[in-house]
Structures are given as C-alpha cells and as structure tokens.
Amino acid sequence: MTTLLYGAPAPGLVDIPPGATQVSPIVPGSADLAAIPDASIDHAVILAPGGVLERDYVLAQALRVLKPGASLLAFAPKDKGGSRLRKALEGFGCTVVEDARKHHRFCHAKRPAEPTGLDAAIAAGSPRLVPGLGAWSQPGVFSWDRLDPGSARLIGQLPTLSGHGADLGCGVGLLATRVLASPAVTSLACLDIDRRAVACAEHNLDDPRATVRWADVRQWDDSLVGLDFVVMNPPFHDGGTEDRELGVAFVRTAARMLRRGGVCWLVANRHLPYEAALAAAFETATVRDDAGGYKIIEARK
Ligand SMILES: C[S@@+](CC[C@H](N)C(=O)[O-])C[C@H]1O[C@@H](n2cnc3c(N)ncnc32)[C@H](O)[C@@H]1O
C-alpha cells in the first residue's frame, strides 16, 4: 500500500503507516507531490496548510494522485484552517466525515470517482511569474506575492558587497537579486528549506554566480566556509509557531560560514532578541537602522 504524508504532525496525533512517503516541500529530500502520477496512491495523510490557495492546491493534488475510492485524511488545528477543511473537501466533490480532538479537526473522505475543481485549484496554487513582484513565486512560499517589508528595509540599507557570500533563507531570491547587482560579488550560495522557494529562486537568479540549495540551515554541514559576507532575513516561525531558536540558529550558522573579518547583514523584527547570540558569535554587532518595527544589524566576525 502506498501512503503519502504531507507535513509533520505532532507525535500521537494521527496514525502514520510505516513507510509513508513525505511530500511536504518544507522537508528537505521529500518527494514532489506535483510529480506523482494520477490515481497511483492508496492513502494520503495531509496536515493541511493554513493559506487557502496553498491548502486547496495540496488537497487537489492529493485527490489527483489518489486512486478512485482511496482514503484521504486531512486535518489541521481548528484555528489554523481546520474549521474550513470540510467545506474545502466538499467543494472537490468529497463526502466528508469529520471529528475533532486535541484542538484539531479531522476530515475523512474517499477520493470520488469524479472529483470537481481539481484543475482550477492546482492552477491557482502553482508557481507563476507574479507581475507585482517581477519574479517567480508560488502560494505558500514566504510572502509569496509581495516583497516583505523587512527584506525591503534590508535591501535599502545594504552596502555594495563583494567576494563570496551566502543568503540564508533566500526565499524566491529577491534579496539575492539585489546582492547580485554588484559585479564585485563573485559567488552567492542561496539556501532555503522550502523546495517551492528554491525552484522559484532558480528561475529568478539566472546568474552563473548563484547556486541555490534546498537545505535546512539548522543542519548545515559546514561545506561553506571562509565567506566574505552573509545576508539574511531569518525566519522566526516554524510550522506557524514562533520559534526564536530558529533565528539564533541562523546567526550561529552565518558566523560559522564567515572568515574572520567577514560581515553578516541581517534584518530582524524589533522584538526578537538576537543580541546575545550575535555577541557570542561575532566580534561586533551594530544596529544600522531601527525603524518601522525592524532592526538592520551589521555583524562582523
Ligand atoms: C523571512 S523569510 C526571508 C525570505 C527571503 N530572503 C526574502 O527576503 O524574501 C525566511 C525564509 O527562511 C526559510 N526558512 C525557514 N526555516 C528555514 C531553515 N531551517 N533552513 C533554511 N531556510 C529556512 C523560509 O522558507 C523563508 O523563505
């Protein structure tokens, strides 16, 4: 029996058959749901994402790959889209049995013989050139259809950089595009945990100096060292929950990547306390701008 798993449910929340294939794009190494053939899967367990376009895309892809009559379990925290899941599945022609426990809604359905609206939901959630952004992006990717205000502030403060560098948590590559505008930049390694962002960044960074890698910065293997600079807008949410350790891990990885004297430019929401991590990993850390709820920091190793 072939089972797909989308996401990382809390232990004990649902039964996950052994050998299930992970298809969440934010698990490096996972399979691509969009590449799985139609009607080839026996069972799917989906921790549904909260964004409507992203959720409908994932549910439609799951219904596309399930064999007719195969079972689907879709669930989500009640306050993060769980209470709207049933309606979403009914919109695809599913008959849904719903239950609730541990603040989640669970929707059990069978793949109908003739689901409705799959193509439209898949088209609405697929990667595309977003006119307002001037770049490729996809619903579900961080700030998918607009430049993040924190990144905009960092872009406004960045000096002209040179040498070898990295962009940690590169997203679809908007910050990296700005960095690569400097001809003195000789290489830029761009890392992100989200396969969708990485695929878009590969489109957007059509530059031989850029390499894009699908990787978790927390588990970085130290294969990039001696860099002249790092730029980053570190995440502070993991699976929708604030996780300050995530940004701290980015600060530590940036310091490990840099040569002595190398510089890290980062933007952080004002309320995030990175000072201790910066002081431990860098020789100096200077706030270059503090406005609009964001701090721009230049840290030198
Ligand atoms: C605040 S966004 C910045 C995106 C992009 N640099 C920009 O300015 O638009 C943070 C990015 O970090 C990525 N990310 C989150 N956790 C990560 C991790 N553990 N390792 C690598 N990237 C991660 C997210 O997918 C997201 O694209």
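Top mean-square fluctuation among GLY12, GLY163, GLY150, Gaussian network model of the chain, C-alpha springs under 10 Å?
GLY12
Taking other Cβ within 10 Å of each residue's Cβ, how do VAL263, VAL230, VAL52 sort, fewest first?
Arranged by neighbour count, lowest to highest, VAL263, VAL230, VAL52 become VAL52, VAL263, VAL230.
Alpha carbon centre of segment 1-71 versus segment 73-147: separation in Å?
Taking the Cα centre of segment 73-147 as reference, the centre of segment 1-71 is 12 Å away.
If neighbour count is taken as other Cβ atoms inside 10 Å, put THR21, THR284 in order from fewest to most.
With the fewest neighbours first, THR21, THR284 line up as THR284, THR21.
If you build the convex hull over the alpha carbons only and average its shadow over all orientations, what do you get for segment 128-300? Give it in nm² to one decimal.
Convex hull of Cα atoms, orientation-averaged projection: 9.1 nm².
Over the chain, what is the relative contact order in whole percent, taking alpha-carbon pairs under 8 Å and six or more residues apart?
Normalised by residue count, the contact order of the chain is 12 percent.
So how strong a dipole does segment 92-243 carry about its Cα centre when Lys and Arg Cβ are +1 and Asp and Glu Cβ are -1, to the nearest 20 debye?
The dipole of segment 92-243 has a size of about 320 debye.
When the dipole is taken about the Cα centre of the chain, and only Lys, Arg (+1) and Asp, Glu (-1) are charged at their Cβ, what size is it in debye, to the nearest 20?
340
Can you give the relative contact order of segment 9-168 as a percent, counting alpha carbon pairs under 8 Å and 6+ residues apart? Could you put the intermediate results ahead of the total?
On the way: 230 pairs, mean separation 28.3, N = 160.
Once divided by the residue count of segment 9-168, the mean separation gives 18 percent.
Which whole-number percentage describes the relative contact order of segment 128-300, with Cα contacts under 8 Å and a sequence gap of 6 or more?
That works out to 19 percent.
If I model a spin label at ALA113 and ARG213 as a point 7 Å from the Cα along the Cα→Cβ vector, what separation in nanometres do I get?
Placing both labels 7 Å beyond Cα along the Cβ direction yields 5.2 nm.
Cα gyration tensor of segment 47-145, axes a ≥ b ≥ c as square roots of the eigenvalues: rounded (a/c below 1.5), prolate (a/b > b/c) or oblate?
Because a/c hits 1.5 or more and a/b fails to exceed b/c, segment 47-145 counts as oblate.
Can you give the charge dipole size of segment 3-125 about its Cα centre, rounded to the nearest 20 debye, using +1 on the beta carbon of Lys and Arg and -1 on the beta carbon of Asp and Glu?
Numbers: 13 positive and 12 negative charges, 79 e Å.
With Lys and Arg at +1 and Asp and Glu at -1, about 380 debye.
Among all lysine pairs in the chain that are eight or more places apart or on different chains, how many have alpha carbons less than 27 angstrom apart?
Taking the Cα cut-off of 27 Å, the pair count is 10.
So how much slack lies between THR21 and ARG288, counting 0.36 nm per residue of separation and subtracting their Cα-Cα distance, in nm?
Contour length minus the Cα-Cα distance gives 91.6 nm.
Can you put GLU202, GLU90 in order, fewest other beta carbons within 10 Å first? Write out the running numbers ahead of the final one.
Numbers: GLU202 17, GLU90 13.
Neighbour counts put them in this order, fewest first: GLU90, GLU202.
Using 0.36 nm times the number of residues separating ALA35 and ARG146, minus their current alpha carbon distance, what extension gain do you get?
Difference between extended and current length: 37.2 nm.
Read-outs: derived from the displayed coordinates by stated rules, not from any lab. Just so you know, these numbers come straight off a predicted model, no measurement behind them. Cβ: placed from backbone, ideal geometry, glycine included. Neighbour counts: every protein chain shown.
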